[in-house]
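Rule-based calculations on the coordinates, nothing more; no lab input. Just so it is clear, the model here is predicted, and its values are computed rather than measured. Glycine gets a Cβ as well: all are built from the backbone with ideal geometry, and neighbour counts include every protein chain shown.
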Amino acid sequence: MFGMSNKTLFIRKICFIIGSFIFSIVLIALSISDILELADKLTAHAVSIGKKETGQAAHNAWLMCKLYHGSIPTPAKTPKVNPALRQAISSISVGKTGYVAVIGADGDEDSKSSNLGKYIICLKGQCDGINVLETKDPKGRKIIREMIKQAKSSGNGKVTSYEYMWKNPSEKYARNKICSIVYFKPFGWLIIASTYEDDFIEEVSPIASNILMIFYFIVSAVIVLLWCIYTIIFKLAPLIERLRQDSHKD
C-alpha cells in the first residue's frame, strides 16, 4: 500500500531535478532582468541630475553676464572681461570635474582680431585666447561649431543641452560629456557648462553594487534551498520508504 517502486521513485527524482532547474533558471533570469532595468533607471536618473546641474550653471553664468552688461555705462560688443566677472564664472563648478567656460560666438573667422571660436574665459585661465573653433571629438564632429550654431539658433538666454565624447591626452578611452549651452547676444558669447557623465553615474554605483550583492544572496539562498530539498527527498525518502516497508512486513 505504501510501497513505491524504484522506477516510480526514479521518475519523480528526474522530474524534481528538471523542475528545480527550470525554476532556478527562470528566477535568475527574472532577477537579472529586474537588476538591469533598475540599473538603467538609476543611470538615467543620475544623468538627468547632471543635465539639470549643468543647465543651472549655464543659466547662472548668463545672469552674471547680464548683470555685468547692465552695469556698464556704454557696453561694447566685445568688452574686456571684468576680473570680478571672470572670477565669478570661473568659480562655478558642476559635479566633481565640471566647470563653466565662455567662447566667442560672433565675428569673422578670417579676421585675426575676431573672437569667434576663441576662449574668453576658461578653467584657471589656461586656454584664454586660444582658438578652438575647429575642435573635433573622436567621431570627427566639429563640436564648437555645432554648439555655436545650436546656441545662436535657440536665441539669447535659451539654455539647451549638448553631448559629445571627449578623450584627454592622459586617458585611454573617450568619455561622454554632458553640456548645457547658452548664447549671450550682447557680447556675442557662447557660455558652456560641462561635466563628465561619470561624475554623476559614480554617485549611484554604490547603490547598484548593493543591489548586485542582494541578487547574489538570493541566488545563493535558492541554491541552498534546492540542495536541502534534494537532500531531504533523495537521501531521506528512500530511508523512510524502507522503514515503511519494514513496518508493513511486521
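Remarks
- For the cross-link pairs LYS51/LYS149; LYS41/LYS172; LYS96/LYS158; LYS51/LYS112; LYS66/LYS167; LYS41/LYS152, the ones whose C-alpha atoms lie over 30 Å apart are LYS51/LYS112; LYS66/LYS167; LYS41/LYS152.
- Between LYS185 and SER220, the distance separating the two model label sites (each 7 Å from Cα on the Cα→Cβ line) works out to 6.3 nm.
- FRET efficiency, GLU146 to SER71 (Cβ-Cβ, R0 25 Å, nearest 0.05): 0.20
- For ASP128, nonlocal amide neighbours, meaning residues 5 or more places apart or on other chains whose placed amide H falls under 5 Å from its own, are CYS122.
- Relative exposure of CYS228, CYS179, CYS127, judged by other C-beta atoms within 10 Å (fewest first): CYS228, CYS127, CYS179
- Potential extension, GLU37-ASN168 segment - 0.36 nm per residue separation minus Cα distance: 44.0 nm
- Separation of the LYS80 and GLU134 label points, Cα + 7 Å toward Cβ, nm: 3.1 nm
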